[in-house]
Amino acid sequence: MITEHSDIPSLDKRIPGVPAIEPVIFPKLEALYTRRSARLEELAFQLVKEAAQNEPSSAEAEEINAGYFSFLSGLVAAQGRLLARSPLRLVDAEPVRVLLRGKNTSPDIPTQDMLEKSLYWQKAFSALVDDAGAQLPAETQDALKVLAAEKPDVLATQAYALLSGQYDQVDAGAAVFLWAALSVFWAQAIALLAEDDKALKQRRSEGGACPCCGAPPSGALVLTGDREGLRYLQCSLCETRWHKVRATCSVCDATDHIDYWSFENTNAPIQAETCGDCKSYVKLFRLDRDPALEVLADDLATVVLDAALEDQGFIRAALNPFALPA
């Protein structure tokens, strides 16, 4: 069930009758970062335990993965500290409002000019580099600090390439920090604008992209608690969840050839939902079966499932900013 530590707001039970299904749900960001950081650290600990039980040849790889999970836990915790220390103001969310204006479905990606003029995420990038970057080797830290000190147009060029899917144009060492900074900006901006513009809470997606920022999902959730059994896709950028009827392809809306895959039984808490029509897939995280699951963390921990599906000819329709495509 949903606990006080959940990042999913509870339904308002003061409203009588059967509650309507909300098109979108905005997370409690502080709780989201706390849960994600804790889950990443838990998975890192599990990897260390597995490494101790494995042969030396595979133990080294497990230890490297554990180190990355632990680093990510620190990065997400740094996002939480940034949120508490420097919350976004409504005036700073205005560039995002412009992107949404006149768009009834998924908005366009931001222009490089918009990214250059939006100072909050640039300051966030610098703050995250100073905070979470301390875990990295000195050479990597120095390179990140050089980028953080660049003129806004240089950083904006990298951010634009990242958001437009030109991953080969982005400095590999900076990508996860850039996305973390952009995400903490966008997530706050969308939440603030939703308070100011009620129509934002009724937005619906077309083609699988987030209706509030246009980014791809990181995965799908089947909720528990007040919204038991409802499926929501979760945005990889602004963290918004948007409703999608179950057993419906998140990309093409087909329903005839939907299948579920896992390495366990049919009651597995993590499954891949595939579409035989467009050959896409997303992972489904069943919070109704395991409420401890966290989309980004547990997606990263189940990459063997991705490999198996790609061998079957399916194409991933989700994006994990902790494992950006090469």
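Some observations on this one:
- Residue match in the range 72-85 (condition: under 22 Å from residue 9 (Cβ atoms) and surrounded by fewer than 14 Cβ atoms within 10 Å (Cβ to Cβ)): yes
- Scanning the range 203-227 for residues that are modelled with pLDDT of 90 or more, of a type in the set (S, T, N, Q) and under 15 Å from residue 23 (Cβ atoms) yields nothing.
- The set of residues from the range 121-143 being in contact with a Ser or Thr (Cβ under 8 Å, 6 or more places away or on another chain) and open to solvent by less than 70 Å² (accessible area, probe 1.4 Å) comprises 124, 127, 133.
- Picking from residues in the range 254-290 that are over 23 Å from residue 209 (Cα atoms) and surrounded by fewer than 14 Cβ atoms within 10 Å (Cβ to Cβ), the one that is nearest to the chain's Cα centre (by Cα) is 290.
- Only a single item in (1) open to solvent by 40 Å² or more (accessible area, probe 1.4 Å); (2) farther than 28 Å from residue 73 by Cα is not met by residue 248, and it is number (1).
- Selected residue (criterion: least open to solvent (accessible area, probe 1.4 Å)) from residues of the range 102-120 that are in a helix (DSSP H, G or I) and within 30 Å of residue 207 (Cα to Cα): 115
- For the range 291-311, the set of residues classified as in contact (Cβ under 8 Å) with a residue 40 or more places away in the chain, open to solvent by 50 Å² or more (accessible area, probe 1.4 Å) and over 18 Å from the mean Cα position of the chain (by Cα) consists of 304 only.
Per-residue answers, yes or no, for (1) under 15 Å from the mean Cα position of the chain (by Cα); (2) surrounded by fewer than 22 Cβ atoms within 10 Å (Cβ to Cβ); (3) closer than 23 Å to residue 298 by Cβ:
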position	(1), (2), (3)
152	no, yes, no
155	no, no, no
180	yes, no, yes
213	yes, no, yes
238	yes, no, yes
241	yes, no, yes
252	no, yes, no
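- Residue ID - surrounded by the most Cβ atoms within 10 Å (Cβ to Cβ), chosen from residues in the range 186-208 that are closer than 18 Å to residue 114 by Cβ and of a type in the set (Gly, Ala, Ser): 189
The values are calculated or read from the model by the stated rules, or taken from the named source; none is laboratory data. The shown structure was predicted, so the numbers you read here are calculated from the model rather than taken from an experiment. Because the Cβ atoms are built from the backbone with ideal geometry, glycine has one as well, and the counts that use them run over all protein chains shown. Side chains included, ligands, DNA and RNA excluded: accessible areas come from the protein's heavy atoms. Shrake-Rupley method; radii C 1.70, N 1.55, O 1.52, S 1.80 Å.
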